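Only the coordinates and a few stated rules stand behind these numbers; no lab work does. Remember, predicted model here, so these are calculated numbers, not experimental data. Positions of Cβ are backbone-derived with ideal geometry, glycine not excepted, and every protein chain shown enters the neighbour counts.
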Protein chains: 2
Amino acid sequence: MATLSFEFWYEFGSTYSYLSVHRIEDLAYTAGVEISWRPFLLGPIFNEQGWEGSPFNIYPAKGRYMWRDMERLCAKYGVPFAKPSRFPRDSLLAARVACLARAESEPWLPDFIRAVFRANFAEDREIGDPVQIRSILNELGRPGAEIVERARTPENKQRLRDHTHRAIELGIFGAPSFVVGGELFWGNDRLEDALAWHQAHTV
Amino acid sequence: MATLSFEFWYEFGSTYSYLSVHRIEDLAYTAGVEISWRPFLLGPIFNEQGWEGSPFNIYPAKGRYMWRDMERLCAKYGVPFAKPSRFPRDSLLAARVACLARAESEPWLPDFIRAVFRANFAEDREIGDPVQIRSILNELGRPGAEIVERARTPENKQRLRDHTHRAIELGIFGAPSFVVGGELFWGNDRLEDALAWHQAHTV
């Protein structure tokens, strides 16, 4: 039996997290690994590094490259993609909803995560707008208004802050990141290596 | 016949360039691709982005991760690795020698490149020191002192400046990078994709 957890640290505003969200479930299933979904915010981490906003906006050459890279990788993986008209989008409410669903072991959490990423990176929807988050929840057959309200309680807000602090403690500086038995793997490109690490270190 | 060139842009101070230098010749041979070796300097590019030195030193979490990632990847690829006691090392003279050898179509260029990267990342040698560069050339059966002197002519210094300017024009912001028919691929992780792109676009 696997005793090691496989933590998938994702951020709803992150392009490369979208690629991993699309790929991780099939790969983890094949590898016999259970995913621990860990939402966090990159904003506070970027701020600590002295960046106001995404490095893809601050460094234009890096940003231009990233969008072309995303186009190529989405084509390669067969992931629907439309360059969002705003980047990065405010991921605070979506991350709070994900924290709530995680805390309450809701089975719809992966569906919600996939739907929010698709809204952001394939449907050009404003995931920072509560209307959109409520609507995504309603489309999943959940009471959107009620969940959004409960996502905004002080207790649940604290959950997301705790997640982000934990990410920093783990040495996380970007998204997606994978943590397996104390080993950190950064980036969609490391998903396979992280899963292989889990398999090699599971007794 | 392949008409597209396959440009491998490398920087002697760059850890991930070391991984690609180790891997590229076998992969390119298998893919039937001829490598165009393009030395350049990251320093001026980092300076333009407002970084004084390597981002792996400026951002500690990123740096700690990179060294662990290198350990894991070198183990995976079977590449000898010893964390250098100085990072990054001054790559100016090595890059100038590589420019000279490239301009004169010297057949020992790939041997020199491999030897310098190994010196830096497996043997902890000061590749910024002319003594070491001369010694590496001598070990390859070349007249080290003479080559180092010719690498420092104004004409050859200009070659390296031209390479670095060309890199910036191509949108390059890190190393290694691969350029295939106007497409830029960044990072050792994209070597296979760059080779596949070459094959898919060769008539």
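Mean per-residue shielding of peptide B:59-66 is 5, counting Cβ atoms of other chains within 10 Å of each Cβ.
Note on chain A: Cα-only Rg and Dmax are 16.3, 47 Å. The mean number of partner chain beta-carbon atoms within 10 angstrom of a residue's beta-carbon across peptide B:37-50 is 1.
Roughly what % of DSSP beta bridges within chain A run antiparallel, to the nearest 5? In chain A, DSSP labels about 60 percent of beta bridges as antiparallel. Here is the P(r) of the stretch B:86-203: all C-alpha pair distances, binned every 10 Å from 0, give 12, 37, 36, 14, 1 in whole percents.
At a temperature of 10 °C and a viscosity of 1.306 mPa s, determine how fast the protein assembly as shown diffuses translationally according to Stokes-Einstein, using the Kirkwood radius over alpha-carbon pairs as Rh; express D in µm²/s, rounded to the nearest whole number. For the chosen part, D equals 69 µm²/s.
Placing a label point 7 Å from the Cα of A:ARG114 along the Cα-to-Cβ direction, the distances to the matching points in the other copies come to 4.6 nm, shortest first. I want to verify a result. In a Gaussian network model of chain A, Cα cutoff 10 Å, which of these has the top mean-square fluctuation: A:PRO88, A:PRO107, A:PRO80? Its mean-square fluctuation being the largest, the pick is A:PRO107. Figure legend: label point modelled 7 angstrom from the Cα of A:ILE168 along Cα→Cβ; residues of the stretch A:47-87 with amide N under 20 Å from it are A:47-55. Over the stretch B:67-136, what is the mean sequence separation of C-alpha contacts under 8 Å (at least six apart), divided by residue count, expressed as relative contact order in percent? Reported relative contact order: 39 percent. Ascending distances from the B:ASP129 label point to its copies in the other chains, with the point 7 Å along the Cα-to-beta-carbon line: 6.4 nm.
Across the identical copies, the 7 Å label point of B:GLU149, projected outward along Cα→Cβ, sits 8.6 nm from its counterparts, in ascending order. Across chain B, Cα pairs under 8 Å and at least six residues apart give a relative contact order of 33 percent. The separation of the stretch B:12-79 from the stretch A:76-132, counted between C-alpha centres, amounts to 33 Å. Expressed to the nearest 5 percent, the antiparallel share of DSSP beta bridges inside the protein assembly as shown is 60 percent. Our analysis of the stretch B:142-203 gives Rg over Rh at 1.15, with the two radii drawn from alpha carbon positions and Rh computed by the Kirkwood formula.
Chain A comes nearest to the axis taking it onto chain B at the Cβ of one residue; that residue and its distance, in whole Å, are A:ASP189, 2.
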